[in-house]
Amino acid sequence: MSEKLSAREVAKMYRDYVNPDLARMMRITGLGTIEERAQGSYVWDSEGEEYLDMAGGYGVFCVGHSHPHVVEAVTRQLQKMALSAKVFFTEGQALLAKKLAELTPGDLRYTFFCNSGTEAVEGALKIARLATGRTTFVAMHNAFHGKSTGGLAVSGRPNYRTPFEPLMPEVRHIPFGDLQALEEAIDETVSAVIVEPVQGEGGIHVAPPDYLPRMRELCDRHGALLIADEVQTGFGRTGKMFAVNHWNVCPDILVLAKALSGGVIPIGAIVGTPKVWAAFKGRPTIHTSTFGGSPIACAAGLATLEVYEREDLCRKAEESGRYLKGRLEELAAQFPDLVREVRGIGLLLGLEAVKEEYAGSIIAEMSRRHVIAVYTLNQPKVIRFEPALGISRRDLDLCLEALQASLTKTREMFATQPTP
Ligand code: PLP
């Protein structure tokens with residue numbers, strides 16, 4: 001690229017060559033400028049303006065943007081070999097799979113690498129079908145498992161699903177957290193139950209205390225597999241390495257992506273038990289991916305997991321999450337006319353506005369104050385807070401100041417009153 005384009009020119013090119021409605025939507029949310037570089041918890045636009053990133057790429061930037069240790073590992077690997085020749089062993093893939101076997105709970109051991117969350121969900125559904133010889137799935141209302149057709153089939157938002165129906169048949173959708181509904185839906189035809197331990201895009205809903213342990217028992221009783229989708233909750237986001245650890249539940253298949261490669265190279269991963277991986281016996285290439293497990297993605301993954309150890313990121317997420325949640329609850333108490341509830345765990349927090357337009361206004365006001373906040377995809381009333389796990393107290397306080405000012409401004413604009 002020879003010359004620097006203005007934000008207006010890039011917006012026009014989005015309108016003419018990318019997606020006109022997307023261009024308009026981006027302008028309305030208040031961030032109609034061009035991202036240029038990023039470091040830690042901050043993004044700078046092409047005018048040099050600084051933004052505090054409280055959305056964290058929807059769960060990608062757990063170690064922050066452009067972590068130097070990950071960038072260095074990827075740069076080093078890039079100079080040797082970027083993508084796999086696909087005929088040799090890849091050392092990084094072996095090492096990363098071994099590391100994941102050590103970190104994941106129970107007897108989860110084998111890893112299939114791919115390139116995104118939805119691709120990992122697709123693979124998990126296919127492997128579950130192979131391993132059980134069954135074709136029915138149980139999935140949750142409001143769930144988000146990605147936008148490929150298999151991911152959509154087990155996702156729960158009609159807006160995204162309906163235009164593509166008929167999707168994969170034999171999916172039973174039940175309310176999240178409802179054990180009775182699960183008992184009724186699960187039987188000897190079910191291949192797997194797929195669940196997010198904390199529904200992220202569904203509006204930050206944490207599984208009730210006995211939900212996942214009972215789900216595990218019911219799956220075992222009926223010979224169904226349990227697939228935990230930790231694409232967003234994995235890698236310390238909830239204050240533990242994996243969210244299932246909060247309930248001491250071990251799934252048969254763990255689906256991972258986003259944070260695993262430090263936000264530097266795309267990655268996805270499916271981790272399964274030896275019992276599940278028996279599905280590959282005699283047909284090791286029944287499911288494959290050209291780019292999955294590439295030397296650069298695996299170098300990024302290994303370096304990222306080193307950062308977790310060095311910087312004690314799970315503990316930091318737990319501590320910062322507790323602080324941020326407490327302060328968000330104080331603001332919710334001051335603005336009951338605008339805020340219905342604060343929910344979440346670790347640094348996966350959601351603030352549910354009383355109305356969708358209030359959430360839109362708060363987000364736009366925060367953008368004006370150079371704090372990046374976004375709503376959850378299936379529930380636009382909920383503003384999510386999922387910053388880098390190592391975010392400083394100062395940056396959390398900056399976000400809270402901007403939020404308080406944005407709530408005040410939104411109250412003025414909609415002329416709402418706190419109820420006495
Ligand atoms: N699963 C969950 C729980 C997610 O939150 C997401 C994305 O937000 C996905 C799957 C899809 O991931 P991707 O956008 O990488 O395909």
Anything in region 142-158 that is in contact (Cβ under 8 Å) with a residue 40 or more places away in the chain and surrounded by fewer than 19 Cβ atoms within 10 Å (Cβ to Cβ)? List them, or say none. 157
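Every residue, every condition in (1) farther than 22 Å from residue 301 by Cα; (2) more than 15 Å from the ligand (Cβ to nearest atom); (3) modelled with pLDDT of 95 or more, yes or no:
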{"position": "200", "(1), (2), (3)": "yes, no, yes"}
{"position": "206", "(1), (2), (3)": "yes, no, yes"}
{"position": "219", "(1), (2), (3)": "yes, yes, yes"}
{"position": "231", "(1), (2), (3)": "no, no, yes"}
{"position": "238", "(1), (2), (3)": "no, no, yes"}
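So which of 284, 295 ends up being away from the ligand (no atom under 16 Å from the Cβ), farther than 21 Å from residue 105 by Cβ and buried (at least 17 other Cβ atoms within 10 Å of the Cβ)? Quick ask: steps written out before the conclusion?
Values: 284 fails: buried (at least 17 other Cβ atoms within 10 Å of the Cβ).
Result of the check over 284, 295: 295.
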Among residues of region 145-176 being within 16 Å of the ligand (Cβ to nearest atom) and among the charged types (D, E, K, R), the residue nearest to residue 129 (Cα to Cα) is 147
Among residues of region 240-259 being out of contact with any Cys (no Cβ under 9 Å at 6 or more places or on another chain) and assigned to a helix (DSSP H, G or I), the residue nearest to the ligand (Cβ to nearest atom) is 243
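Could we say that residue 273 is more than 15 Å from the ligand (Cβ to nearest atom) and of a type in the set (S, T, N, Q) here?
Details: more than 15 Å from the ligand (Cβ to nearest atom): yes; of a type in the set (S, T, N, Q): yes.
So residue 273 passes the test.
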Among the listed residues 179, 254, which satisfies the condition of being at pLDDT 95 or above and either among the aromatic types (Phe, Trp, Tyr) or within 30 Å of residue 41 (Cα to Cα) (or both)? 254
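Every residue, every condition in (1) within 16 Å of the ligand (Cβ to nearest atom); (2) surrounded by 24 or more Cβ atoms within 10 Å (Cβ to Cβ); (3) of a type in the set (A, V, I, L, M, F, W, C), yes or no:
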position	(1), (2), (3)
55	yes, no, yes
96	no, yes, yes
113	yes, yes, yes
117	yes, yes, no
129	no, no, no
134	no, no, no
Within the bounds of region 244-252, is there any residue that is buried (at least 22 other Cβ atoms within 10 Å of the Cβ), within 17 Å of residue 347 (Cα to Cα) and touching a strand residue (DSSP E or B) at 6+ places or on another chain (Cβ under 9 Å)? yes
Check 290, 285 and return the single one that is without any contact (Cβ under 8 Å) to a residue 40 or more places away in the chain and not in a helix (DSSP H, G or I). 285
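The values are calculated or read from the model by the stated rules, or taken from the named source; none is laboratory data. In this text, all values refer to a predicted model and were calculated from it rather than measured experimentally. Note that each Cβ is placed from the backbone with ideal geometry, even for glycine, and that neighbours are counted across all protein chains shown.
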